[in-house]
1. When the chain is treated as a GNM, springs tying every alpha-carbon pair under 10 Å, which of L199, L238, L60 comes out with the largest mean-square fluctuation?
2. What is the distance, in nm, between label points placed 7 Å from the Cα along the Cα-to-Cβ direction at K258 and at K19?
3. For V156, what residues show an amide H to amide H distance below 5 Å, using hydrogens built from the backbone and excluding near sequence neighbours?
4. In region 168-211, which residues have a backbone nitrogen under 11 Å from the label point lying 7 Å from T135's Cα in the Cα-to-Cβ direction?
5. Across region 170-182, in residue order, what do the Karplus-derived ³J(HN,Hα) couplings come to in whole Hz, using 6.51 cos²θ - 1.76 cosθ + 1.60 with θ = phi - 60° and x for Gly and Pro?
6. Multiply the residue separation of Y168 and D110 by 0.36 nm, subtract the distance between their alpha-carbon atoms, and state the gained length in nm to one decimal.
7. Taking amide H positions as placed 1.01 Å from N in the peptide plane, with prolines and chain starts having none, which residues 5 or more places from I74, or on another chain, fall under 5 Å of its amide H?
8. What is region 119-182 by shape, rounded, prolate or oblate, if you read a ≥ b ≥ c off the alpha carbon gyration tensor as root eigenvalues and call it rounded for a/c under 1.5, prolate for a/b larger than b/c, and oblate otherwise?
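The values are calculated or read from the model by the stated rules, or taken from the named source; none is laboratory data. Since the structure is predicted, the reported quantities are computational estimates derived from the model, not experimental observations. Backbone-built Cβ (ideal geometry, glycine too); neighbour counts: all protein chains shown. Each accessible area value is taken on the protein alone, full model and side chains, heavy atoms only, with ligands, DNA and RNA left out. Shrake-Rupley method; radii C 1.70, N 1.55, O 1.52, S 1.80 Å.
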Amino acid sequence: MSAFQMDKDWLPFHPNPSKPRFRVPPGSVDAHCHVFGPGDVFPYAPERKYTPCDASAEQLFALHRHIGFERSVIVQATCHGADNRAMLDALQRSNGMSRGIATVRADVTDAELAALDAAGVRGVRFNFVKRLVDTTPREVLFEIASRIAPLGWHTVIYFEGQELPELYDFFTSLPTVVVVDHMGRPDITKPIDGPEFGLFLRLMREHSNFWSKVGGPERLSKAGPPDYADVAPFARHLVTHFPDRVLWGTDWPHPNLKGHMPDDGQLVDYLPSIAPTAELQRQLLVDNPMRLYWSR
Ligand code: 0GY
(Lines give C-alpha, C1' and ligand atoms only; values in the text may rest on other atoms or scores of the structure.)
Protein backbone atom coordinates (compact mmCIF):
# COMPACT_ATOMS: atom_id res chain seq x y z
CA MET A 1 0.00 0.00 0.00
CA SER A 2 1.24 3.50 -0.86
CA ALA A 3 2.45 5.80 1.90
CA PHE A 4 0.19 8.50 0.39
CA GLN A 5 -3.58 8.37 0.03
CA MET A 6 -5.14 10.70 -2.51
CA ASP A 7 -7.58 13.23 -0.97
CA LYS A 8 -11.08 11.77 -0.76
CA ASP A 9 -12.77 14.49 -2.82
CA TRP A 10 -10.17 14.24 -5.59
CA LEU A 11 -10.92 13.02 -9.07
CA PRO A 12 -8.20 10.98 -10.80
CA PHE A 13 -7.34 11.85 -14.39
CA HIS A 14 -9.55 10.52 -17.20
CA PRO A 15 -8.80 6.79 -17.63
CA ASN A 16 -9.30 6.59 -21.39
CA PRO A 17 -9.45 9.96 -23.16
CA SER A 18 -11.01 10.02 -26.61
CA LYS A 19 -8.89 10.24 -29.75
CA PRO A 20 -9.13 13.91 -30.82
CA ARG A 21 -10.75 14.65 -34.16
CA PHE A 22 -8.59 17.78 -34.44
CA ARG A 23 -5.05 16.92 -35.50
CA VAL A 24 -2.54 19.28 -33.93
CA PRO A 25 0.34 20.53 -36.11
CA PRO A 26 3.50 18.40 -36.19
CA GLY A 27 5.86 19.28 -33.36
CA SER A 28 3.12 20.53 -31.01
CA VAL A 29 4.04 21.28 -27.40
CA ASP A 30 1.86 20.72 -24.33
CA ALA A 31 3.19 23.75 -22.45
CA HIS A 32 1.47 23.11 -19.12
CA CYS A 33 1.31 19.68 -17.54
CA HIS A 34 2.50 18.01 -14.36
CA VAL A 35 3.84 14.76 -12.96
CA PHE A 36 2.87 13.62 -9.46
CA GLY A 37 5.10 11.18 -7.67
CA PRO A 38 4.70 8.28 -7.69
CA GLY A 39 4.60 9.14 -4.00
CA ASP A 40 6.54 6.06 -2.93
CA VAL A 41 9.45 7.15 -5.17
CA PHE A 42 9.11 10.92 -5.05
CA PRO A 43 7.31 11.76 -1.81
CA TYR A 44 4.84 14.63 -1.67
CA ALA A 45 5.95 17.70 0.27
CA PRO A 46 5.08 17.87 3.97
CA GLU A 47 3.76 21.43 3.50
CA ARG A 48 1.42 20.47 0.60
CA LYS A 49 -2.22 21.58 0.64
CA TYR A 50 -3.50 18.48 -1.17
CA THR A 51 -2.44 14.92 -1.83
CA PRO A 52 -2.91 14.07 -5.51
CA CYS A 53 -3.26 10.81 -7.38
CA ASP A 54 0.07 9.46 -8.62
CA ALA A 55 0.59 10.52 -12.24
CA SER A 56 3.87 9.32 -13.67
CA ALA A 57 6.05 10.55 -16.51
CA GLU A 58 5.29 7.37 -18.50
CA GLN A 59 1.54 7.98 -18.15
CA LEU A 60 2.04 11.59 -19.27
CA PHE A 61 4.06 10.57 -22.32
CA ALA A 62 1.49 7.90 -23.23
CA LEU A 63 -1.22 10.57 -23.16
CA HIS A 64 0.88 12.79 -25.41
CA ARG A 65 1.33 10.01 -27.96
CA HIS A 66 -2.43 9.42 -27.89
CA ILE A 67 -3.40 13.07 -28.46
CA GLY A 68 -0.59 13.86 -30.92
CA PHE A 69 1.81 16.04 -28.91
CA GLU A 70 5.58 15.60 -29.36
CA ARG A 71 6.94 17.86 -26.63
CA SER A 72 5.96 19.14 -23.22
CA VAL A 73 6.70 21.63 -20.50
CA ILE A 74 6.38 20.03 -17.09
CA VAL A 75 5.44 22.52 -14.42
CA GLN A 76 6.33 21.92 -10.79
CA ALA A 77 3.11 21.63 -8.79
CA THR A 78 2.71 22.78 -5.20
CA CYS A 79 2.16 19.25 -3.86
CA HIS A 80 5.89 18.63 -4.46
CA GLY A 81 6.95 21.94 -2.88
CA ALA A 82 10.52 22.87 -3.88
CA ASP A 83 11.55 19.22 -4.29
CA ASN A 84 11.85 19.10 -8.08
CA ARG A 85 12.98 15.45 -8.34
CA ALA A 86 9.82 14.03 -9.93
CA MET A 87 9.83 16.75 -12.59
CA LEU A 88 13.58 16.34 -13.22
CA ASP A 89 13.19 12.57 -13.54
CA ALA A 90 10.50 13.17 -16.17
CA LEU A 91 12.79 15.57 -18.08
CA GLN A 92 15.52 12.96 -18.14
CA ARG A 93 13.14 10.27 -19.39
CA SER A 94 11.95 12.55 -22.20
CA ASN A 95 15.29 12.62 -24.05
CA GLY A 96 15.19 16.36 -24.53
CA MET A 97 11.53 16.46 -25.55
CA SER A 98 10.45 18.07 -22.26
CA ARG A 99 11.45 21.25 -20.51
CA GLY A 100 10.74 22.08 -16.89
CA ILE A 101 9.50 24.88 -14.66
CA ALA A 102 10.88 24.54 -11.13
CA THR A 103 10.08 25.83 -7.69
CA VAL A 104 13.15 27.09 -5.85
CA ARG A 105 13.70 28.64 -2.45
CA ALA A 106 15.74 31.78 -1.78
CA ASP A 107 18.70 29.72 -0.58
CA VAL A 108 19.14 27.92 -3.92
CA THR A 109 22.80 28.05 -4.93
CA ASP A 110 24.18 29.11 -8.31
CA ALA A 111 25.48 25.56 -8.77
CA GLU A 112 21.96 24.17 -8.17
CA LEU A 113 20.51 26.62 -10.69
CA ALA A 114 23.17 25.59 -13.23
CA ALA A 115 22.31 21.92 -12.68
CA LEU A 116 18.60 22.65 -13.16
CA ASP A 117 19.42 24.52 -16.36
CA ALA A 118 21.50 21.61 -17.67
CA ALA A 119 18.56 19.28 -16.92
CA GLY A 120 16.22 21.37 -19.08
CA VAL A 121 14.62 23.77 -16.60
CA ARG A 122 13.84 27.13 -18.17
CA GLY A 123 11.92 28.97 -15.47
CA VAL A 124 10.56 29.16 -11.96
CA ARG A 125 6.96 29.32 -10.82
CA PHE A 126 5.53 31.74 -8.27
CA ASN A 127 2.13 30.72 -6.95
CA PHE A 128 -0.23 33.30 -5.45
CA VAL A 129 -3.34 31.10 -5.20
CA LYS A 130 -4.07 31.15 -1.48
CA ARG A 131 -5.64 27.69 -1.30
CA LEU A 132 -2.40 26.21 -2.72
CA VAL A 133 0.49 27.87 -0.90
CA ASP A 134 1.56 29.92 2.10
CA THR A 135 2.68 33.42 1.21
CA THR A 136 6.31 34.07 0.28
CA PRO A 137 7.44 37.70 0.78
CA ARG A 138 7.70 39.61 -2.47
CA GLU A 139 11.30 40.67 -1.76
CA VAL A 140 12.22 36.98 -1.70
CA LEU A 141 10.44 36.31 -4.99
CA PHE A 142 12.02 39.37 -6.57
CA GLU A 143 15.44 38.17 -5.46
CA ILE A 144 14.81 34.75 -7.04
CA ALA A 145 13.65 36.36 -10.28
CA SER A 146 16.80 38.50 -10.34
CA ARG A 147 18.93 35.38 -9.88
CA ILE A 148 17.32 33.49 -12.76
CA ALA A 149 17.22 36.41 -15.19
CA PRO A 150 20.87 36.02 -16.29
CA LEU A 151 20.16 32.39 -17.17
CA GLY A 152 17.58 33.54 -19.70
CA TRP A 153 14.85 31.80 -17.69
CA HIS A 154 11.35 33.17 -17.23
CA THR A 155 8.93 33.45 -14.35
CA VAL A 156 5.59 31.64 -14.40
CA ILE A 157 2.92 33.22 -12.20
CA TYR A 158 -0.35 31.70 -11.03
CA PHE A 159 -2.99 33.90 -9.42
CA GLU A 160 -6.76 34.48 -9.25
CA GLY A 161 -8.20 37.28 -11.41
CA GLN A 162 -9.52 39.28 -8.46
CA GLU A 163 -5.99 39.52 -7.01
CA LEU A 164 -4.48 41.20 -10.07
CA PRO A 165 -4.99 44.86 -9.01
CA GLU A 166 -2.98 44.24 -5.86
CA LEU A 167 -0.26 42.23 -7.62
CA TYR A 168 0.01 44.31 -10.80
CA ASP A 169 2.94 46.53 -9.78
CA PHE A 170 4.92 43.62 -8.40
CA PHE A 171 4.38 41.58 -11.54
CA THR A 172 5.43 44.41 -13.84
CA SER A 173 8.60 44.95 -11.79
CA LEU A 174 9.86 41.41 -12.51
CA PRO A 175 13.07 41.45 -14.58
CA THR A 176 12.26 38.44 -16.78
CA VAL A 177 9.73 37.26 -19.31
CA VAL A 178 6.61 36.48 -17.28
CA VAL A 179 4.18 33.72 -18.27
CA VAL A 180 0.69 33.81 -16.73
CA ASP A 181 -1.03 30.51 -15.98
CA HIS A 182 -4.64 29.93 -17.05
CA MET A 183 -5.21 33.48 -18.42
CA GLY A 184 -4.95 34.86 -14.90
CA ARG A 185 -8.07 32.90 -13.91
CA PRO A 186 -10.72 35.46 -14.96
CA ASP A 187 -14.28 35.29 -13.68
CA ILE A 188 -15.82 34.37 -17.03
CA THR A 189 -19.30 35.41 -15.89
CA LYS A 190 -18.02 38.98 -16.16
CA PRO A 191 -17.73 40.68 -19.54
CA ILE A 192 -14.62 40.25 -21.60
CA ASP A 193 -14.45 44.04 -22.04
CA GLY A 194 -15.16 44.76 -18.37
CA PRO A 195 -12.69 46.13 -15.83
CA GLU A 196 -11.43 42.80 -14.47
CA PHE A 197 -10.33 41.10 -17.69
CA GLY A 198 -9.58 44.59 -19.03
CA LEU A 199 -6.79 44.93 -16.48
CA PHE A 200 -5.29 41.65 -17.63
CA LEU A 201 -5.51 42.77 -21.25
CA ARG A 202 -3.79 46.01 -20.28
CA LEU A 203 -1.00 43.99 -18.66
CA MET A 204 -0.54 42.06 -21.89
CA ARG A 205 -0.81 45.14 -24.09
CA GLU A 206 1.51 47.45 -22.16
CA HIS A 207 4.15 44.90 -21.12
CA SER A 208 5.57 42.97 -24.03
CA ASN A 209 7.49 40.64 -21.67
CA PHE A 210 4.15 39.10 -20.56
CA TRP A 211 2.82 35.89 -22.10
CA SER A 212 -0.39 34.03 -21.30
CA LYS A 213 -1.31 30.37 -21.21
CA VAL A 214 -4.78 29.93 -22.67
CA GLY A 215 -5.65 26.39 -21.56
CA GLY A 216 -7.57 25.21 -18.54
CA PRO A 217 -11.17 25.95 -19.62
CA GLU A 218 -12.38 23.17 -17.32
CA ARG A 219 -11.20 25.23 -14.33
CA LEU A 220 -13.13 28.36 -15.31
CA SER A 221 -16.21 27.19 -17.18
CA LYS A 222 -19.77 27.10 -15.92
CA ALA A 223 -21.06 25.90 -19.30
CA GLY A 224 -18.78 22.85 -19.25
CA PRO A 225 -17.55 20.40 -21.87
CA PRO A 226 -17.09 19.76 -24.68
CA ASP A 227 -17.28 23.36 -25.96
CA TYR A 228 -16.54 25.38 -22.82
CA ALA A 229 -18.44 28.05 -24.72
CA ASP A 230 -18.25 30.61 -21.94
CA VAL A 231 -14.42 30.42 -21.68
CA ALA A 232 -13.54 30.12 -25.37
CA PRO A 233 -14.10 33.85 -26.17
CA PHE A 234 -11.59 34.87 -23.49
CA ALA A 235 -8.93 32.49 -24.82
CA ARG A 236 -9.68 33.38 -28.45
CA HIS A 237 -9.35 37.07 -27.64
CA LEU A 238 -5.84 36.50 -26.27
CA VAL A 239 -4.81 34.21 -29.13
CA THR A 240 -5.95 36.64 -31.81
CA HIS A 241 -4.62 39.82 -30.12
CA PHE A 242 -1.31 38.43 -28.86
CA PRO A 243 -0.61 35.57 -31.28
CA ASP A 244 3.13 35.47 -30.57
CA ARG A 245 2.82 35.47 -26.75
CA VAL A 246 0.35 32.66 -26.03
CA LEU A 247 0.91 29.05 -24.99
CA TRP A 248 -1.45 26.13 -24.50
CA GLY A 249 -1.35 23.11 -22.22
CA THR A 250 -3.55 20.23 -21.17
CA ASP A 251 -2.94 20.77 -17.42
CA TRP A 252 -2.90 16.96 -17.12
CA PRO A 253 -3.48 15.35 -14.61
CA HIS A 254 -5.74 18.25 -13.70
CA PRO A 255 -5.11 18.83 -9.99
CA ASN A 256 -7.92 19.87 -7.67
CA LEU A 257 -10.85 19.40 -9.98
CA LYS A 258 -14.00 18.49 -8.16
CA GLY A 259 -17.13 17.39 -9.98
CA HIS A 260 -15.81 17.29 -13.54
CA MET A 261 -12.67 15.66 -14.93
CA PRO A 262 -12.06 16.60 -18.56
CA ASP A 263 -11.49 14.17 -21.39
CA ASP A 264 -8.08 15.28 -22.71
CA GLY A 265 -9.10 14.36 -26.26
CA GLN A 266 -12.00 16.81 -25.97
CA LEU A 267 -9.63 19.49 -24.70
CA VAL A 268 -7.66 19.09 -27.93
CA ASP A 269 -10.87 19.30 -29.95
CA TYR A 270 -11.55 22.63 -28.21
CA LEU A 271 -8.40 24.14 -29.73
CA PRO A 272 -9.84 25.32 -33.08
CA SER A 273 -12.46 27.34 -31.21
CA ILE A 274 -9.72 29.41 -29.57
CA ALA A 275 -7.19 29.37 -32.42
CA PRO A 276 -9.40 29.48 -35.51
CA THR A 277 -6.77 29.44 -38.27
CA ALA A 278 -3.92 27.08 -39.12
CA GLU A 279 -1.48 29.96 -38.71
CA LEU A 280 -2.71 30.77 -35.18
CA GLN A 281 -2.66 27.07 -34.28
CA ARG A 282 0.94 26.76 -35.40
CA GLN A 283 2.00 29.83 -33.43
CA LEU A 284 0.17 28.67 -30.28
CA LEU A 285 1.25 25.04 -30.33
CA VAL A 286 4.63 25.05 -32.06
CA ASP A 287 6.34 28.38 -32.81
CA ASN A 288 5.78 30.14 -29.47
CA PRO A 289 6.73 27.28 -27.14
CA MET A 290 9.70 26.36 -29.33
CA ARG A 291 10.96 29.95 -29.15
CA LEU A 292 10.53 30.15 -25.37
CA TYR A 293 11.74 26.67 -24.42
CA TRP A 294 13.93 25.23 -27.18
CA SER A 295 15.96 28.18 -28.46
CA ARG A 296 18.97 26.42 -26.94
C1 0GY B 1 -2.64 23.88 -12.09
C2 0GY B 1 -3.65 24.31 -11.16
C3 0GY B 1 -3.75 24.05 -9.85
C4 0GY B 1 -2.73 23.49 -9.03
C5 0GY B 1 -1.43 23.78 -9.10
O6 0GY B 1 0.75 23.71 -8.38
C7 0GY B 1 -0.39 23.34 -8.15
O8 0GY B 1 -0.70 22.64 -7.20
O9 0GY B 1 -0.99 24.57 -10.04
C10 0GY B 1 -4.99 24.42 -9.17
O11 0GY B 1 -5.32 23.83 -8.14
O12 0GY B 1 -5.71 25.33 -9.66
O13 0GY B 1 -2.32 24.59 -13.03
O14 0GY B 1 -2.10 22.80 -11.94
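1. Result for the chain, Cα springs under 10 Å: L199 fluctuates most.
2. 3.7 nm
3. Amide H neighbours of V156, under 5 Å, 5+ apart: V124, R125, F126, V179.
4. Within reach of a label on T135: no residues.
5. My calculation for region 170-182 gives 5, 4, 6, 8, 5, x, 9, 4, 10, 10, 8, 6, 6 Hz in order.
6. Length gained between Y168 and D110: 18.0 nm.
7. The list, which skips near neighbours in sequence, is R99, G100, I101.
8. prolate
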